[in-house]
1. Would you be able to tell me the number of residues in the stretch 32-82 that are closer than 20 Å to G19 by Cβ and among the hydrophobic types (A, V, I, L, M, F, W, C)?
2. Identify all residues within the stretch 55-66 that are assigned to a helix (DSSP H, G or I) and either exposed (fewer than 15 other Cβ atoms within 10 Å of the Cβ) or in contact with a Cys (Cβ under 8 Å, 6 or more places away or on another chain) (or both); write none if there are none.
3. Please identify the pairs in which a residue from the stretch 84-96 that is more than 12 Å from M36 (Cα to Cα) has its Cβ atom under 6 Å from the Cβ atom of a residue that is open to solvent by 50 Å² or more (accessible area, probe 1.4 Å), counting only partners at least 6 apart or on another chain.
4. What pairs come out if I take residues in the stretch 12-29 that are in contact (Cβ under 8 Å) with a residue 40 or more places away in the chain and pair them with residues that are small (G, A, S) and open to solvent by less than 50 Å² (accessible area, probe 1.4 Å) whose C-beta lies under 7 Å away, six or more apart or interchain?
5. Taking the criterion of being closer than 21 Å to L9 by Cα and in contact with a Pro (Cβ under 6 Å, 6 or more places away or on another chain), would at least one residue in the stretch 44-61 satisfy it?
6. What residue, among those in the stretch 1-30 that are among the β-branched types (V, I, T) and open to solvent by 90 Å² or more (accessible area, probe 1.4 Å), is farthest from the chain's Cα centre (by Cα)?
7. Would you call L38 surrounded by 17 or more Cβ atoms within 10 Å (Cβ to Cβ) and either touching a Cys at 6+ places or on another chain (Cβ under 6 Å) or free of Cβ contacts under 8 Å to residues at least 24 places away in the same chain (or both)?
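The values are calculated or read from the model by the stated rules, or taken from the named source; none is laboratory data. Note that this is a predicted model, so its numbers are computed, not measured. Neighbour counts run over all protein chains shown; Cβ positions are idealised from the backbone, glycine included. Note: accessible area is taken over every heavy atom of the protein model, side chains too, but ligands, DNA and RNA are not part of it. Shrake-Rupley method; radii C 1.70, N 1.55, O 1.52, S 1.80 Å.
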Amino acid sequence: MHHLKARILAVVLIVVSAGLVYYNWHQLLKEGRYSMKLAAFGPVIGIGGVFLILFPSMGGKPTTVKEKIIVLIVLAIGLVAGLFNWYLMDPGFFGR
């Protein structure tokens, strides 16, 4: 119960991220266009939510160097997921 707010926020972030990614894919498949920013950064929100579910005590501003490095690693994982999503949406953008 101590980390209930962080976990509720995490679930909201995951649901919002899934909704944004779904909307972007729906727009691509139905209208043939998509948002590059949403394709790249939508999954970052979801990865942040998963991180908060797993480590609710890490919510808030990082204070130590270790916490800052962990947050940067989570951000990097989210960006890789976003770039992979973007690649799946438009492989031609990456020269393929």
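1. Residues meeting the conditions: 14.
2. Once the filter is applied, which keeps residues that are assigned to a helix (DSSP H, G or I) and either exposed (fewer than 15 other Cβ atoms within 10 Å of the Cβ) or in contact with a Cys (Cβ under 8 Å, 6 or more places away or on another chain) (or both), the stretch 55-66 yields S57, V65, K66.
3. Matching pairs, first to second residue: F94/Y87.
4. Going by the 7 Å Cβ cut-off, the qualifying pairs are V21/G42; N24/S35; N24/A39; N24/G42.
5. For the stretch 44-61, residues closer than 21 Å to L9 by Cα and in contact with a Pro (Cβ under 6 Å, 6 or more places away or on another chain): absent.
6. It comes out as I8.
7. yes
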